[in-house]
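Nothing in this text is a laboratory measurement; each read-out follows from the coordinates by a stated rule. All of these numbers come straight from a predicted model, not from anything done at the bench. Reconstructed Cβ throughout: ideal geometry from the backbone, glycine too, with neighbour counts over all protein chains shown.
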Amino acid sequence: MAHPVEALAATRGLLAPGGALLVADEKVAESFTAPGDEVERVMYSYSVLFCLPNSLAEEGSVGTGTVLRPARMRELAAAAGFSSVSILSVEHDTFRFYRLDP
């Protein structure tokens, strides 16, 4: 996604009163360490070979690529006007689920 803050802000504007946004993103380690586990290596390969180049093709892209760690998700959500971000306790091998509240 070339413009994540703008997309999140637009979505926040569409929420009904009391609504929240659910975001599914790749479940990678909370901070980068090398070598990454199997999921992290696969996600970075998608990011470098597909998602990042496609994102950078759009003018003004912030170049997020595929992998957003929790700290980065919180930064993007705050910039889009969300007041809180929580990681939901959904067990899944590949994805992490966030709840963003306005």
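Out of region 54-84, which residues are among the small types (Gly, Ala, Ser), more than 18 Å from Ala10 (Cβ to Cβ) and surrounded by fewer than 16 Cβ atoms within 10 Å (Cβ to Cβ)?
Of everything in region 54-84, those that are among the small types (Gly, Ala, Ser), more than 18 Å from Ala10 (Cβ to Cβ) and surrounded by fewer than 16 Cβ atoms within 10 Å (Cβ to Cβ) turn out to be Ala57, Gly63, Ala71, Ser84.
Of everything in region 87-102, what is in a loop (DSSP other than H, G, I, E, B) and under 20 Å from Pro17 (Cβ atoms)? Give them in sequence order. So that I can check it myself, show each step before the final result.
Of all residues in region 87-102, those in a loop (DSSP other than H, G, I, E, B) come to 88-94, 102.
Within region 87-102, Pro102 is the sole residue that qualifies.
Here is a yes/no grid of residues against (1) within 16 Å of the chain's Cα centre (by Cα); (2) part of a helix (DSSP H, G or I); (3) of a type in the set (A, V, I, L, M, F, W, C):
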position: Ala7; (1), (2), (3): yes, yes, yes
position: Arg12; (1), (2), (3): yes, yes, no
position: Pro17; (1), (2), (3): no, no, no
position: Leu22; (1), (2), (3): yes, no, yes
position: Val28; (1), (2), (3): yes, no, yes
position: Pro35; (1), (2), (3): no, no, no
position: Cys51; (1), (2), (3): yes, yes, yes
position: Arg72; (1), (2), (3): yes, yes, no
position: Val85; (1), (2), (3): yes, no, yes
Inset, instruction - For region 67-102, name all the residues that are more than 16 Å from Met1 (Cβ to Cβ) and aliphatic (A, V, I, L, M). - result: Ala71, Ala78, Val85, Ile87, Leu88, Val90
